[in-house]
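So the structure is just underneath, and the comments pick up after that.
Where a number appears in this text, it was derived from the coordinates with a stated rule and is not lab data. Quantities reported herein were computed from a predicted structural model and do not represent experimental measurements. Here Cβ is always computed from backbone atoms with ideal geometry, including for glycine, and neighbour counts include all displayed protein chains.
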């Protein structure tokens, strides 16, 4: 599976457990892909996380489910 967002892309944080991060514009600086396996259901989940920074500092790793591109595709 390919990453949804690319390094250097500008995104907005739409949903995050830390409410102070919501609505911030950030830039992707690194990507991390992993597969989480469940022993209970014997299934696997393919996940991408993105290290992002705002204008002044690195904000950390955020799941792709909490990010949206600023450029809307039709």
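Measuring r between the beta carbons of residue 70 and residue 45 and using R0 = 22 Å, the FRET efficiency lands at 0.25. Extents of the chain, taken as max minus min of Cα coordinates on every principal axis and listed largest first, are 41, 29, 22 Å.
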